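Have a look at the structure below, then the notes.
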Amino acid sequence: MRQEAGGELSPSQSAALTTIECHGPLTPSELAARERIQRPTATRVLARLEEAGMIARTGDPADRRSNLVTATPAGSALLVELRARRDAWMAGRLDTLSPEDLAALDRAAGILERMLEEDGA
């Protein structure tokens, strides 16, 4: 699905930008924790996103040594576009399935939702 959505961002950049948009503003350390990556990896991903104009940094009022990152309007717009492409691809694939396969996916989705609810996600 990631490949079908387009190649503007790497998977790690796309995941980071999505996390920033959903949970931001975040410090680089908070992003690393949410993405379960090392801080140096988060720093590299953030640098690439900033170079591409997808995020903006501001000083962290709670800690002058750190900064906060937020998605820029361009970053948010790109995520909307990528989601639309991914959704269109998936809809096309779902249209080819039999009613039995669609019912099986519906049941599986319900199971996954219950599992996530149990984990408090």
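Any read-out appearing in this document is the output of simple, stated calculations on the displayed coordinates, not a laboratory observation. Treat the numbers as computed from the prediction; the structure is a model and nothing was measured.
Short-range pairs are left out: with C-alpha atoms under 8 Å and at least six residues apart, the relative contact order of the stretch 7-72 is 37 percent.
Considering only ALA47, ALA62, ALA91, the mean-square fluctuation computed in a Gaussian network model of the chain, springs between alpha carbons under 10 angstrom, is largest for ALA62.
Over the stretch 50-115, what is the mean sequence separation of C-alpha contacts under 8 Å (at least six apart), divided by residue count, expressed as relative contact order in percent?
Details: 33 pairs, mean separation 13.8, N = 66.
Relative contact order of the stretch 50-115: 21 percent.
Amide H contacts under 5 Å for ILE37: none, restricted to partners 5 or more places along the chain or on a different chain, H placed in the peptide plane at 1.01 Å from N.
When you restrict to C-alpha pairs under 8 Å that are six or more residues apart and normalise by the size of the stretch 2-118, the relative contact order lands at 27 percent.
Per the helix-only calculation at 222 nm, which mean residue ellipticity applies to the chain, given -39500 (n - 2.57) for every DSSP H run of n ≥ 4 and division by its residues, nearest 500 deg cm²/dmol? List each step's numbers first, then the result.
On the way: 6 runs with 80 residues, N = 121.
It comes out at -21000 deg cm²/dmol, rounded to the nearest 500.
For the options THR70, THR27, THR41, a Gaussian network treatment of the chain with springs between C-alpha atoms closer than 10 Å singles out THR41 as fluctuating the most. In a GNM of the chain with a 10 Å cut-off on Cα contacts, which of GLU30, GLU51, GLU21 has the highest mean-square fluctuation? Result: GLU51 has the largest fluctuation of those listed. Here's how it looks for SER66: its modeled amide H is under 5 Å from those of ASP60, which are all 5 or more places away or on a different chain.
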